[in-house]
Amino acid sequence: MRHISRSIAAAATVLILSPLAAHAQSSQPGWFLPSQSGGGAQQRAPSEGHAVRHSVRLPDLGPPIPATPKPEPAAEAAAEAQANAPIPSLPPLIHENPPPAPIIGVIGVPDVLQASTAAQGVDKEIQKRRSALTAEAQREQELWRRTQEALADPRAHLAPDELRAREMQLQSRIASDQLAFRNQEARIQAAAQVALGQIERTLIAVIRQVATSRGMNLVLHRAQVALNMNNFDITDEVTKQLNQVLPSVTVPPDAAFANVTAASLQAQQQQQGQQGQQGQQGQ
């Protein structure tokens, strides 16, 4: 492993330094580069009586940077010892009864949600609220445009100080409105999450109920299964049962999420994403 790492480091060094040297020869004529052997005429020393017009003093660059740093013996030995460290002794475990034989079912959750009347109602309500927000934003943008055109009209006869104050007022209004629209969108999204969370919790209970009624103890996502028989699929039965027990849900009003902002919602989503990644890594 140590020899492989050194080979990779040496190859990477060649790939990095070669383009830089080529670029230096082509685009930096003022740099001092040694001539290639056998290529071009050798430069003659100036003869006596001919003064050297330009004298260039090359800086002392010091020793070159080694392509491969010299490894520290102690650190190298410690890393090698860790790489070859033995597996710790495992304590004995108590023998337990084996799990039951799997009785498998499959389900297409996206198909269930698409056919869910409750999910369809949530989507319709959320689209309605977003359409209203878009219309409000367009009206406000039109107001910004008219105000900007009025300030640019020379017939306004505004003094420089007054013009500057009006422009700053418009910029402040635009920034405030944009933040308000983002926060309103966040509140709409928070309301949707509450409604969809209710559907999700009910869906899990329905899946467990249908699987138990068929004697199944393991249900897989249909997208993860390459081949299955129709008798294993419980998608239609779960959809029917879900629409019976939860035909619709109420989407909370946006006013119920007055404390939700775009920044707080983004932070919450990032935290949930990190927790999900940690859960997958722990499996």
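Values in this text are rule-based calculations from the coordinates and carry no lab data. Remember, it's a predicted structure, so these values are computed and weren't measured experimentally. Ideal geometry is used to build each Cβ from the backbone, glycine not excepted, and the neighbour counts take in all protein chains shown.
Given R₀ = 30 Å, what would the calculated FRET efficiency be for Q193 paired with N228, taking r from the Cβ atoms and rounding to 0.05? Working shown, then result.
Values: r = 32 Å, r/R0 = 1.06.
It comes out at approximately 0.40.
May I ask you to give the average projected area over all directions of the convex hull of the Cα atoms of segment 104-272, in nm² rounded to one decimal?
Mean projected area of the Cα convex hull: 14.1 nm².
Segment 155-191 to segment 80-111: how many Å between their Cα centroids?
That distance is 58 Å.
Which whole-Hz couplings ³J(HN,Hα) result when phi for each residue of segment 162-173 is put into the Karplus expression 6.51 cos²θ - 1.76 cosθ + 1.60, θ = phi - 60°, listed in order with x for Gly and Pro?
Values per residue, Gly and Pro as x: 5, 4, 5, 5, 5, 5, 5, 5, 5, 4, 5, 5 Hz.
Report the extension gain between A85 and R182 in nm, rounded to one decimal, defined as 0.36 nm multiplied by the number of residues separating them, less their alpha carbon distance.
Result for the pair: 29.5 nm of gain on full extension.
Between Q268 and A150, what is 0.36 nm times their sequence separation minus the Cα-Cα distance? Round to one decimal in nm.
Net length gain for the segment: 38.3 nm.
So what's Rg/Rh here for segment 75-181, counting alpha carbon atoms and using the Kirkwood radius for Rh?
On the Cα set of segment 75-181, Rg over Rh gives 1.49.
T212 to Q169: FRET efficiency via 1/(1 + (r/R0)^6), r the Cβ-Cβ distance, R0 51 Å, to the nearest 0.05?
According to the calculation, E is roughly 0.20.
What is segment 104-272's relative contact order, in percent, from Cα pairs under 8 angstrom and six or more apart in sequence?
Once normalised by length, the contact order is 49 percent.
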